[in-house]
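First the structure, in the form of structure tokens, and then the observations on it.
The values are calculated or read from the model by the stated rules, or taken from the named source; none is laboratory data. This one's a predicted model, so the numbers in the text were calculated from it and none came from an experiment. All Cβ positions, even for glycine, are placed from backbone atoms using ideal geometry, and neighbour counts span all protein chains on display.
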Amino acid sequence: MDTLSENISECQDDHDVPLELADFLVDERGFAREELTLRESIETTFNDETVVSKIAVVIHLQDKPVLMIRYAPGSIVTRERSAMAAARIYDPMCQVPIVVVTNNEDATIIDTHTGKPIAEGLENLPHRVDLLAQMSQLVFEPWANDAKIDREKRVLNVFDVNL
């Protein structure tokens, strides 16, 4: 298999990106297809502006969402905050502990709970066995309280309004 960035670069449009990510995650990182959910979205409304934020892939292990990948063209640094917001509110029962933001050339892997980068680069996307080994150390609790959840929804809405 070619590198993930080469495969994604050849995609017809953004609609193909989750399929390429899924192939990479299955073929190169050891995940089962049934552990991947593709093309999810979160809808938020603020100031009469409804925004649908796209999520390329969510990985579920042991019945928990463990890793979320958000794809957006352009600078990934400008997308990191909205990716964390999406991971924090995606599941009302628990935040997704690891979020990845990628533009198909680079990636930042972030600890959702702390907001701190874990690693850089598509080649550092975690393998299934590594995530399973880390499950007991990952934070799966709900994201704080209603006020903080509202703030994350507002962040997601504002950052993704023009996507």
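What to note about this one:
- Applying the condition of being in contact (Cβ under 8 Å) with a residue 24 or more places away in the chain and loosely packed, with under 13 Cβ neighbours inside 10 Å to the range 38-49 and asking which residue is farthest from ARG154 (Cα to Cα) yields GLU49.
- Yes/no for VAL52 being at pLDDT 90 or above, of a type in the set (Val, Ile, Thr) and either under 20 Å from ASP150 (Cα atoms) or in a loop (DSSP other than H, G, I, E, B) (or both): yes
Results for (1) more than 16 Å from ARG29 (Cβ to Cβ); (2) touching a helix residue (DSSP H, G or I) at 6+ places or on another chain (Cβ under 6 Å); (3) in contact (Cβ under 8 Å) with a residue 60 or more places away in the chain, shown as yes or no for each residue.
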position: ARG70; (1), (2), (3): yes, yes, no
position: VAL77; (1), (2), (3): yes, no, no
position: SER82; (1), (2), (3): yes, yes, yes
position: THR114; (1), (2), (3): yes, no, no
position: LEU122; (1), (2), (3): no, yes, yes
position: HIS127; (1), (2), (3): no, no, yes
position: SER136; (1), (2), (3): yes, no, no
position: GLU141; (1), (2), (3): yes, no, no
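- Test result for ALA22, under 23 Å from LEU138 (Cα atoms), within 10 Å of the chain's Cα centre (by Cα) and assigned to a helix (DSSP H, G or I): no
- Residue list for the range 135-163, filter: surrounded by 14 or more Cβ atoms within 10 Å (Cβ to Cβ) and polar (S, T, N, Q): ASN157
- Counted residues, the range 97-129 - those being more than 15 Å from LEU21 (Cβ to Cβ), touching a strand residue (DSSP E or B) at 6+ places or on another chain (Cβ under 9 Å) and not hydroxyl-bearing (Ser, Thr, Tyr): 8
- Residue match in the range 94-101 (condition: over 23 Å from SER136 (Cα atoms), without any contact (Cβ under 8 Å) to a residue 60 or more places away in the chain and crowded, with 23+ Cβ neighbours inside 10 Å): yes
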